[in-house]
Amino acid sequence: MTASEQYFDLGCYRRPVETSSAGAQIWFDRGLVWAYAFNHEEAIRCFERALKLDPELGIARWGIAYAVGPNYNKAWEAFDPVDQSSSLARARSELQLAAQGRASSVEQGLIAALQARFRTDNLVAGGAAYADAMAALAVAYPDDLDVQALAADALVNVTAWALWDTRTGDPAAGSRVLEAKRILDQALGTPAGREHPGILHLYLHTMEMSATPEQALPAADLLRGLVPDAGHLQHMPSHIDVLCGDYRSSVTANLAAVQADRRFLSYAGELNFYSLYRAHNLHFVVYSAMFEGRLQIALRAADELAGQLTAELLSIESPPMADWLESFVPLRTHVLVRFGRWDELIAQPLPDDRDLYCTTTATIHYGRGVALAATGQLAPAHAERAAFRTAYERIPGSRYLFNNTSRAILAVAAAMLDGEIAYRERRFEEAFGHLRRAVKLDDTLPYDEPWGWMQPTRHAYGALLLEQGHVDEAAAVYAADLGLDPTLARPCQHPGNVWSLHGYHECLQRLGRSAEAAIIAQQLRLAVARADVPIRASCACRLLR
């Protein structure tokens, strides 16, 4: 492919580099934007094309070394031994050649800083040294937005996905997030910074775990549509949307991302690491639509996602794609539980290969067990619980759904299923004990968006408390879920979700708190208007109304 042939629409961002080749400049710009968009494989291909047109372009080799290394969504711990060894070897080789190539003074600074990441086999120390070098380079080049973006990136990667203590709102232990935030805030104070895909992207990650994710809403809005064919950048605003209760915008952002991903899929195929990002975007559609009570869009996205995760893709051993992707397959089960589609849950078939699809197998048993209990079929429900426990033990600790292990997520399922069965057997106090345990397990999952557990456990707990007449307790549960009191960490709050609005409004009415009920009623009417199913309770497990 030549630089003049039709390619993806990556927006207008450019960084002039030390080359006289117009084609090399175009391919470098494309590679840099893809790197900011976390499509590192395509970034490498673009940098390689730049080198074919200008073999002495040192900064293109820097780009390859940068893209082949760790990133916010793939820390060194996530590399299998083969992947890690080959990545280190290539990065070191490219940087050695980059230092011998043609480069401006700032490009030489970027090359030298990145060498610090790969100089030692102590990869944690290398990451810290790289962050130090980039922080110093950011001081030396305060007006260079790429240097600022890359410095912030290096700083947040010191403790990727552990930037803030979500319980206190303070920086997490060892985190350099305040340094990154200062750099990004300064960049966003400039017109060019407000159009920079890397600055905007990193700001959303910097703020999403904080106690004030809403501060990133302006940056999220600036990023929308900025790089039309970069699916991950189309998706990124939803990390802030969903935390702020704007589930509609989250769905919209991810549908735009899915459209872009389909174009990339037709170009690159499915056998690549970007398939994880395609899965993530559809996962986000499912998650956001569930909060809005939109069954059909959630089901369509869950089915499209499962269809993409072929056995061929999951069978790739390096990187181990089953460990990264298989846990996305059973999202349909979570949708069916959310919307109380008991017959469909009971009829769900198990996969043929129950080792490859071990998380899927356990999740289907969980869904069947909940459905059987809810429909009063308690003996089969007990059998499904036993099958769930057996399947759970076959899930390796290496199986993840982004930041959470499948085993940690399905520990929530185990407590929920225990609670559901005990409740149907009218052992109510025992049931509520199981549900409180589920809530605790849910709350203490490592931070992720979408959250590791797809349906907030408080929705079931509140619904069954209400069914048993514990109205005050249910009201407190719903208020916490909606973020109307400060008891929960910010990521555990789900502002404006239709399910808790319904439950809380009913509680307020039954408690005679009419003025508060009237305020919530207005929000509830707007939320219900977007649902495509009747909203009768915060959880379909509540059978009496």
Of the GluC sites (Glu not before Pro) in region 1-72, those whose Cβ has at most 14 other Cβ within 10 Å and which sit in DSSP loop: Glu5
Counting other C-beta atoms within 10 Å, and keeping those with at most 12, which DSSP coil GluC sites (Glu not before Pro) do you find in region 279-342? Glu317
Once you put a point 7 Å from the Cα of Gln6 and another 7 Å from the Cα of Thr390, both along the Cβ direction, what distance in nm separates them? 5.5
Linear extension gain, Leu544 paired with Ser93, 0.36 nm per residue minus alpha-carbon span: 155.7 nm
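In debye, nearest 20, what is the charge dipole magnitude of region 463-545 about its Cα centre with +1 on Lys and Arg Cβ and -1 on Asp and Glu Cβ, if you could check? The partial results should precede the final answer.
On the way: 8 positive and 8 negative charges, 50 e Å.
With Lys and Arg at +1 and Asp and Glu at -1, about 240 debye.
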Using Cα pairs under 8 angstrom and six or more residues apart, how large is the relative contact order of region 392-440, in percent? 28
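Hey, with R₀ at 22 Å, roughly what FRET efficiency would Thr487 and Arg513 work out to, going by the Cβ-Cβ distance, to 0.05?
Values: r = 19 Å, r/R0 = 0.84.
Computed FRET efficiency for Thr487 and Arg513 comes out at 0.75.
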If R0 is 35 Å, what FRET efficiency do you get for Ser105 and Ala125 from their C-beta distance, rounded to 0.05? 0.85
Can you give the angle from 0 to 90° between the axis of helix 123-140 and the longest principal axis of the chain, with both taken from C-alpha atoms, to the nearest 10? 60
Mean separation of Cα pairs under 8 Å and 6+ residues apart, divided by the residue count of region 463-545: what relative contact order is that in percent? 33
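Just want the ordering: Asp261, Asp352, from fewest to most Cβ atoms lying within 10 Å of their own Cβ.
Details: Asp261 26, Asp352 8.
Least crowded to most crowded, the residues run Asp352, Asp261.
Name the shape class, rounded, prolate or oblate, that the alpha-carbon gyration tensor gives for region 399-499, where a ≥ b ≥ c are the square roots of its eigenvalues, rounded holds for a/c under 1.5, and otherwise prolate holds if a/b is larger than b/c and oblate otherwise. Provide the component values of the computation, followed by the final result.
On the way: a/c = 2.42, a/b = 1.19, b/c = 2.04.
Taking the square roots of the gyration eigenvalues as a ≥ b ≥ c, region 399-499 is oblate.
So for the chain, averaging the separation of alpha carbon pairs under 8 Å that are six or more residues apart and normalising by length, what relative contact order in percent results?
Values: 918 pairs, mean separation 51.8, N = 545.
Relative contact order here is 9 percent.
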Two-site label geometry, Ala22 and Ala268: point separation in nm, points 7 Å out along Cα→Cβ: 2.7
Rounded to the nearest 10, the angle in degrees between the Cα long axis of helix 358-374 and the longest principal axis of the Cα atoms of the chain comes to 20
Likely footprinting exposure, Lys181, Lys52, fewest C-beta neighbours within 10 Å first: Lys52, Lys181
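Mind checking the full-extension length gain between Leu178 and Ala192? Use 0.36 nm per residue of separation minus the Cα-Cα distance, one decimal, nm. Can you show the working numbers first?
Details: separation 14, 0.36 × 14 = 5.04 nm, distance 2.18 nm.
In short, 2.9 nm is gained.
Bear in mind these aren't lab numbers, they're just calculated from the coordinates by the rules spelled out. What you are looking at is a predicted structure, and each value in this text was computed from that prediction instead of being measured. Backbone-built Cβ (ideal geometry, glycine too); neighbour counts: all protein chains shown.
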